[in-house]
Amino acid sequence: MVISPGSRSTPLVAAVLDCQRLTHQLVIDERSAAFIALGRAKLDGLPTLLLCTSGSAVAHYFPAVIEADEGAIPLLMLSADRPPEAQANRSAQTIDQLHLFGRKVRGFFDVGMADPSYGALLGLRRKALQAFELSRFPAAGPVHINFPARKPLEPDRKRLRSADSDEARLERQVSEVLTVPATERCAVLSIPAQSALDRLVQSASQAKRPALLLGPTDPWRAPDSEVLAEFASRSGWPVLCEVTSQARFSSSNLGAALCDGFDLLARACVELGVESSQGFVPDFVLQFGQPPTSSAWARLEETHPMQRFLVSDAQWPDPANRASAVIGADPAALLARLSGVVGPASTEWRTRMVGANHLVWRVVSSHLQRSSSFDEAAAVSAVSQGLGEGDVLLLGNSLPIRIAETVMRARPEHVRVMSQRGANGIDGLISLAAGMASNVEGPAHLTAIVGDVSFLHDVGGLLALTSQSRAPLHLTVVAVNNGGGRIFEQLPLAELVNLDAWTTPHQLDLSQIGAAFAVPSFRAESAEALRQALRIARRGRSSLVEAVVAPHGARALYPSLVSELVAGLRQPLPSGS
């Protein structure tokens with residue numbers, strides 16, 4: 001549980017402190033607290049509890065609520081509130097908290113004023129169980145529980161500790177209920193409908209260029225790696241694999257089926273035009289996870305005819321509105337049913353994609369070796385080289401996730417690569433990283449790559465890196481300082497106007513900001529200095545490494561890579577991998 005305490009939440013905080021089964025963390029800022037809770041839940045899919053006082057405090061949860069709603073991440077928010085007689089009369093720290101988050105939550109419960117009768121406590125238990133269930137099924141997401149309270153707010157210790165009290169009897173019953181395995185209601189989603197399977201198999205059998213597409217996915221939602229490898233081996237379908245799909249850094253061997261350079265390949269296909277690129281674009285796609293990050297892939301969807309079957313637990317991940325069908329099923333269950341049923345891809349199609357993928361990485365590797373500039377690509381590549389088995393990598397939105405997609409090639413070590421692709425915003429990324437790191441077990445290290453604007457949006461999250469209320473975190477935040485929001489230089493806007501109003505250059509030393517929060521901080525202005533700083537940071541606990549890179553590196557990167565790749569695609573392709 002993550003707590004931002006206040007006077008009105010006294011009964012709730014006291015109850016948490018009395019509960020030996022709950023671990024808690026104290027966080028000053030409710031906005032940061034909510035992203036910390038979100039980070040914990042993103043790793044394992046279990047709802048994290050949030051607790052705050054009344055008034056505007058609970059409103060600071062809203063950015064994280066939006067992300068939890070869009071990303072289908074379970075959260076349970078407990079807010080203290082003022083009693084009914086304090087409403088609508090200008091009482092201090094009082095706002096209307098009923099249905100505060102509107103349709104952004106899976107459910108809302110106002111528990112009413114405290115009532116010690118056993119019947120009322122049974123109702124409270126029922127609401128707690130309902131809230132827990134709604135946060136996970138049928139579609140995971142945030143749930144809000146509101147607790148109005150009158151003074152006195154302090155607990156009656158004698159009554160609470162009496163073994164014969166209604167509260168004690170109820171606590172025993174709640175413990176018994178909550179130790180029962182999770183509900184089986186989700187089992188119906190794990191088995192795809194036969195009609196959907198039949199339609200999928202029929203469409204796939206008619207395809208000349210079938211492929212799997214793995215978009216951004218949290219680890220607990222990702223297809224089982226062994227089932228995925230078995231399907232890839234049997235079908236020979238190319239696996240278009242995003243860096244955040246949980247399949248690019250895996251001990252399971254996808255072999256020649258792996259197409260981990262598909263974003264850069266898609267960029268080149270856009271330049272080649274429809275006729276010349278047709279042979280490198282699937283005509284049938286089975287997609288798992290969130291919509292692809294690649295904007296080039298979105299353009300290919302518009303220009304190249306293809307059938308797309310999307311597999312989703314509860315959402316509708318089709319921003320292009322062109323899906324042939326959305327199938328509610330567990331990815332592993334669906335792949336297991338399809339393995340050996342769908343026909344294999346043609347040798348010609350597999351060979352062409354293997355060659356194209358190999359060419360992508362030959363072009364990228366050549367660029368990184370000959371480049372003398374310390375830019376975003378060099379910085380992300382240096383971070384990638386330092387990752388080890390079992391580590392976790394969080395990629396911030398805007399440029400970090402796109403640069404990582406371009407330069408981070410598949411590897412056999414198991415690394416969980418996380419992102420915040422629900423609302424695709426830059427809110428709360430440092431706090432999100434802290435929450436994830438608090439849920440990482442063993443010697444594994446978490447590294448977060450964020451842009452400088454994202455860093456400045458969540459400076460308060462640095463407090464979570466030094467909090468003494470729980471075990472130290474094994475976390476390194478890498479803030480890539482390119483002097484503002486350089487993602488805007490990727491847009492057509494860059495050719496038309498002065499971009500300062502969009503990039504918001506700041507001239508700040510981010511490492512000094514980290515030091516002000518008592519976070520061990522380093523400043524690197526070269527790839528070697530960054531690698532050295534990362535090695536030192538890894539030996540400690542929470543650290544900040546500022547990577548000061550060339551301001552226009554990403555703007556120059558893609559035209560160079562795409563131009564070289566287009567030229568290569570017009571030649572006979574290499575057959576090796």
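Summarising the amide proton neighbourhood of Val545: residues at separation of 5 or more, or on other chains, whose placed amide H is nearer than 5 Å comprise Val477, Val478, Ala479, Phe522. Spin-label model, Thr23/Ala59: points 7 Å from Cα along the beta carbon direction are separated by 3.4 nm.
In terms of the mean number of neighbouring beta-carbon atoms within 10 Å, the peptides 118-128, 453-463, 521-531 order highest first as 453-463, 521-531, 118-128.
For region 360-473, count all C-alpha to C-alpha pairs, find those more than 24 Å apart, and express that count as a whole percent of the total. For region 360-473, the fraction of Cα-Cα distances above 24 Å is 30 percent. Heavy-atom accessible area, probed at 1.4 angstrom with all protein chains present, ranks Asp69, Asp164, Asp313 as Asp164, Asp313, Asp69, highest first.
What share of the DSSP beta bridges in the chain is antiparallel, in percent to the nearest 5? Of those bridges, close to 0 percent are antiparallel. Based on DSSP H runs of at least 4 residues, each adding -39500 (n - 2.57), what is the mean residue ellipticity at 222 nm of the chain after dividing by all its residues, to the nearest 500 deg cm²/dmol? When only DSSP H runs of four or more count, the value is -12000 deg cm²/dmol. Only helices reaching 30 angstrom along their own axis (Cα) with mean Kyte-Doolittle hydropathy no lower than 0.0 count here, and not one DSSP H run of the chain does. Counting only heavy atoms of the protein chains and using a 1.4 Å probe, Lys151 has close to 150 Å² of accessible surface.
Mind checking the log10 I(q)/I(0) for region 273-380 at q = 0.12, 0.17 Å⁻¹? Debye, one equal scatterer per Cα, no solvent, two decimals. Taken in order of the listed q values, log10 I(q)/I(0) reads -0.60, -1.04. Estimated at the nearest 10 Å², the accessible area of Leu213 is 0 Å² with a 1.4 Å probe. Dipole of the chain computed with +1 at Lys/Arg Cβ and -1 at Asp/Glu Cβ about the Cα centre; of Leu530, Ile3, Asn424, farthest Cα towards the positive end is Ile3. Checking every one of the chymotrypsin sites (Phe, Trp or Tyr not before Pro) in region 273-354 against DSSP loop status and a limit of 11 other Cβ atoms within 10 Å picks out no site at all. For the chain, the spread of Cα coordinates along the three principal axes comes to 82, 59, 44 Å, biggest extent given first.
Most tightly packed first, judged by the mean number of other beta-carbon atoms within 10 Å of their residues, the peptides 60-68, 105-113, 379-387 read 60-68, 379-387, 105-113.
The values are calculated or read from the model by the stated rules, or taken from the named source; none is laboratory data. What you see is a predicted model, and the numbers here were worked out from it, not measured in a lab. When we count neighbours, we look across all protein chains shown, and the Cβ atoms used for this are built from the backbone with ideal geometry, even at glycine. Ligands, DNA and RNA are stripped out before the accessible areas are found, and what is left, the full protein with its side chains, is counted by its heavy atoms. Shrake-Rupley method; radii C 1.70, N 1.55, O 1.52, S 1.80 Å.
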